Amino acid sequence: MKRIVLLIVFLVLSAGCLGGTQTAVTHTQNHTITLTETTTRTVTETYTQTVTVENKTTIEELNKTLSEYSERLSDLNLTLSEREAELADIKAKYASCLLQLALDNESRNGAEFKLLTDREYYSEVLRAIEEASDSIYVMMFSMKYDPDDSFDWANDLIRALVAAKNRGVDVHVLLEDGIESNEEAYSYLRSHGVDVSFDSPETTLHAKVIVIDGRLIFLGSHNWSESALYWNHEVSLMIASEELAERLIGYFKSIR
């Protein structure tokens, strides 16, 4: 009997102890969870605000730095443009000096020069082609043949080449490949037996040169088009020099 009573008392006490412990643990867990959530939320909010402020400051600094570098780059580009303009001017003066030296040298060797401006070029070239007796070499950037335009002076020069070929003159023509208007002149000359060709598509033929009878040279800015021969301001030289003519014919053959 005493043992039974003691067992009952032990079970009751055990149940009470276990229940109290469970309640304490539950309370502690709830408290811990609540505390953890609160702590996490607070830290997260604080961290987020800090990061946002730091990012904003960094972007503003980067924008300011970028603006400063853009201004510096603009200044450098302006300076570069000014230097390029100065260099181009120096090159032009240098080329002019070289040309003048060459002309002076040719003058001492007996070469003759005549300046041809604007419309003066047409009549001199036409007369020279009509009087040619041996050979004609033409290098031309733009040669426009327009048979429907009776006023176009370029037509006269192109037809004069055919007439020269028909009377036995050795005529050679080299045209720029990249000019669409050259196609008509090419077709016309070729159909009349003139030795005509285009330069390599890999390069640009920008020369405007005529060599007649191995002595008379025309070179300058005149293309064979109505605008260049009649309307534009153009400048060319007529030069009488066998030495220069020989060099230009050699150049013609080297680039063909």
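Taken together, the values in this text are just the output of simple stated rules run on the coordinates, not laboratory data. The structure displayed is predicted, hence computed values, not measured ones. Note: ideal-geometry Cβ built from the backbone for every residue, glycine included; neighbour counts use all protein chains shown.
Would you please classify the overall shape of the range 111-227 from the alpha carbon gyration tensor, given that a ≥ b ≥ c denote the square roots of the eigenvalues, rounded means a/c under 1.5, and beyond that prolate means a/b larger than b/c while oblate covers the rest? Provide the component values of the computation, followed by the final result.
On the way: a/c = 1.25, a/b = 1.17, b/c = 1.06.
It comes out rounded by the Cα gyration axes.
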Using a 10 Å cut-off around each Cβ, can you sort Trp224, Trp153 from fewest to most neighbouring Cβ atoms?
Trp153, Trp224
Hand me the GluC sites (Glu not before Pro) from the range 133-201 located in a DSSP loop with no more than 12 other Cβ atoms within 10 Å, in residue order please.
Glu180
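Quick one: which of 127-133, 208-214 comes out on top by average Cβ neighbours within 10 Å, and what's the full order, highest first?
On the way: 127-133: 15.4, 208-214: 20.7.
Per-residue Cβ counts within 10 Å, averaged per peptide and sorted highest first, yield 208-214, 127-133.
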Protection proxy (average C-beta count within 10 Å per residue), highest first, orders 138-145, 189-196 as 138-145, 189-196
How much FRET efficiency would the formula 1/(1 + (r/R0)^6) give for Ala163 and Ser254, where r is the Cβ-Cβ distance and R0 is 30 Å, rounded to 0.05?
0.60
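If r is the Cβ-Cβ distance from His233 to Leu115 and R0 is 22 Å, what FRET efficiency results, to the nearest 0.05? Let's see the in-between values first.
Numbers: r = 13 Å, r/R0 = 0.60.
Calculated value: 0.95.
Within the set Lys91/Lys144; Lys91/Lys253; Lys144/Lys165; Lys144/Lys208; Lys91/Lys114; Lys114/Lys253, which residue pairs have Cα atoms separated by over 22 Å? The partial results should precede the final answer.
Values: Lys91/Lys144 31 Å; Lys91/Lys253 28 Å; Lys144/Lys165 19 Å; Lys144/Lys208 13 Å; Lys91/Lys114 25 Å; Lys114/Lys253 26 Å.
With Cα atoms farther than 22 Å apart: Lys91/Lys144; Lys91/Lys253; Lys91/Lys114; Lys114/Lys253.
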Expected sort for 79-91, 111-123 on mean C-beta neighbours within 10 Å, highest first, is 111-123, 79-91
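If you place +1 on the Cβ of every Lys and Arg, -1 on the Cβ of every Asp and Glu, and leave all else neutral, what size is the dipole of the range 138-191 about its Cα centre, to the nearest 20 Debye?
On the way: 5 positive and 11 negative charges, 84 e Å.
The dipole magnitude comes to about 400 debye.
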Could you please state, rounded to a whole Å, how far the C-alpha centre of the range 82-152 is from the C-alpha centre of the range 184-201?
22 Å
